[in-house]
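Below is one structure; the comments refer to it alone.
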Amino acid sequence: MDRFTTLVSIACPLGLENIDTDQLIPARFMSRPRNAGYGGFLLHDLRFASDGSSKYCCIDDPACRGAKILVARRNFGTGSSREAAVYALWDFGIRCVIAPSFGDIFASNAVKNGLLPAQVSEADAEKLLAACSADPAAIMTVDLEAVTIAVAGLVCPFAIDPVRRLQLLNGWDDLDLTLLHRDAIDRFRRLHHQERPWAVPARVPSSRISLA
């Protein structure tokens, strides 16, 4: 996973609340292999009518083309635990979602894939939405080290779980976090073997293993 320190980009003002994971990617598109890409299905039913014709959605607005930041209202990513919702955002090019609140599992899945869920107050979310809508070309800076978002002279703090922030700043997955405690794990293992040898499974020589 790549490190996330500072993201500089235009932002797309989605401005909707209660965007659930089925809206982010409807279940009928999730049979595709991951390497086939999910970006084309992001917010599919908000972008396309049942006959396949296009409907207006801000993420398709030419003014938002290339945006790596999405600004929404409360309760973003609620619903099912599907990780494909994050895949769809990532494959579309989104690297940060800003909202007043997130579904817990969505936020966890986001971090595991290198995408930042930046939680702001509802008041600050409205200010950021207004700034992006007023000037679609305005450059937004999301600074994970300073934990701030800046655009058009406005600077807002955001919140993120400290462990998740550490993972993103260093590009660590859950295994990397576990390995931070490798010395302690090794010490426990040695002591456990010494104090409870009866609890350690005996090793069977490979010559005695039957595949029948």
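Annotations for the structure displayed:
- Any hit, the stretch 51-73, residues being at pLDDT 95 or above, aromatic (Phe, Trp, Tyr) and either on the phi > 0 side of the Ramachandran plot or not in a helix (DSSP H, G or I) (or both): no
- For the stretch 81-99, a residue qualifies if it is open to solvent by 50 Å² or more (accessible area, probe 1.4 Å) and in a loop (DSSP other than H, G, I, E, B), and the qualifying residues are Ser81, Glu83, Arg95.
- Among (1) without any contact (Cβ under 8 Å) to a residue 40 or more places away in the chain; (2) in a strand (DSSP E or B), the one test that Ala110 misses: (2)
- Number of residues in the stretch 140-159 that are aliphatic (A, V, I, L, M) and either closer than 16 Å to Cys58 by Cα or under 21 Å from the mean Cα position of the chain (by Cα) (or both) equals 8.
- When residues in the stretch 54-80 are screened for being in contact (Cβ under 8 Å) with a residue 60 or more places away in the chain, surrounded by 18 or more Cβ atoms within 10 Å (Cβ to Cβ) and among the hydrophobic types (A, V, I, L, M, F, W, C), 3 of them pass.
- Every residue from the stretch 16-46 that is touching a helix residue (DSSP H, G or I) at 6+ places or on another chain (Cβ under 6 Å) and in a helix (DSSP H, G or I): Thr21, Leu24, Phe29, Gly39, Phe41
- Flag for Val120 being without any contact (Cβ under 8 Å) to a residue 40 or more places away in the chain and open to solvent by less than 60 Å² (accessible area, probe 1.4 Å): yes
- Taken together, Pro26, Pro33 contain a single residue that is open to solvent by 60 Å² or more (accessible area, probe 1.4 Å), more than 23 Å from Ala152 (Cα to Cα) and out of contact with any Pro (no Cβ under 9 Å at 6 or more places or on another chain), which is Pro33.
- Against the numbered list (1) under 23 Å from Trp172 (Cβ atoms); (2) touching an Asp or Glu at 6+ places or on another chain (Cβ under 7 Å), Ser80 comes up short only at (1).
The values are calculated or read from the model by the stated rules, or taken from the named source; none is laboratory data. It should be emphasised that the depicted structure is a prediction, and the values quoted were computed from it without experimental measurement. Ideal geometry is used to build each Cβ from the backbone, glycine not excepted, and the neighbour counts take in all protein chains shown. The protein model used for the area step is the full one, side chains on, heavy atoms only, and it has no ligands, DNA or RNA in it. Shrake-Rupley method; radii C 1.70, N 1.55, O 1.52, S 1.80 Å.
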